[in-house]
Amino acid sequence: MNVRRLQLDVDKAVARPDLLDLAEAINGVPGVEAVNITVTEIDIETMGTEVTIEGDNIDVTALFEAIEKVGAALHSIDEVVVGERIIDRIPRAR
């Protein structure tokens with residue numbers, strides 16, 4: 001399955017890893033071409049982040065291992081895009 005984009009909710013300690021360490025770990029995964037990390041919330045001990053990863057045939061197993069190895073925790077998978085091209089999400093009007 002050709003995984004092209006993942007949107008992840010990743011939690012980490014405020015002190016370590018820092019965002020650059022997390023980005024470097026993700027960027028080193030086979031198939032990853034771009035990483036965007038946005039801080040969504042901070043409390044005394046933890047920082048919540050939204051991580052968007054794009055590439056071609058992303059090694060998802062290696063990605064999850066890299067996140068855990070650097071000291072962060074995958075909280076949820078919020079978006080998955082697979083196939084020959086990327087389809088952008090179009091919000092439904094209600």
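The values are calculated or read from the model by the stated rules, or taken from the named source; none is laboratory data. Quick caveat, the model's predicted, so the values are computed rather than measured. Cβ sites come from the backbone with ideal geometry, for glycine too, and all protein chains shown count toward neighbours.
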Exercise. Return the total of residues in the stretch 2-20 being modelled with pLDDT under 95 and among the acidic types (D, E).
Key: 2
Self-check item: Subset tally (residues that are under 19 Å from G31 (Cα atoms), within 11 Å of the chain's Cα centre (by Cα) and not aromatic (F, W, Y)) for the stretch 64-73
Solution: 2
Quiz item: In the stretch 12-47, what count of residues is obtained for those that are more than 29 Å from G83 (Cβ to Cβ) and either touching a His at 6+ places or on another chain (Cβ under 6 Å) or surrounded by fewer than 16 Cβ atoms within 10 Å (Cβ to Cβ) (or both)?
Solution: 15
Exercise. Output the residues belonging to the stretch 40-58 that are under 12 Å from the mean Cα position of the chain (by Cα), closer than 17 Å to V29 by Cα and either at pLDDT below 95 or of a type outside the set (S, T, N, Q) (or both).
Key: V51, I53, E54, G55, I58
Exercise. Looking at (1) in contact with a strand residue (DSSP E or B) (Cβ under 8 Å, 6 or more places away or on another chain); (2) of a type outside the set (D, E); (3) at pLDDT 95 or above, find the lone condition where G28 falls short.
Key: (1)
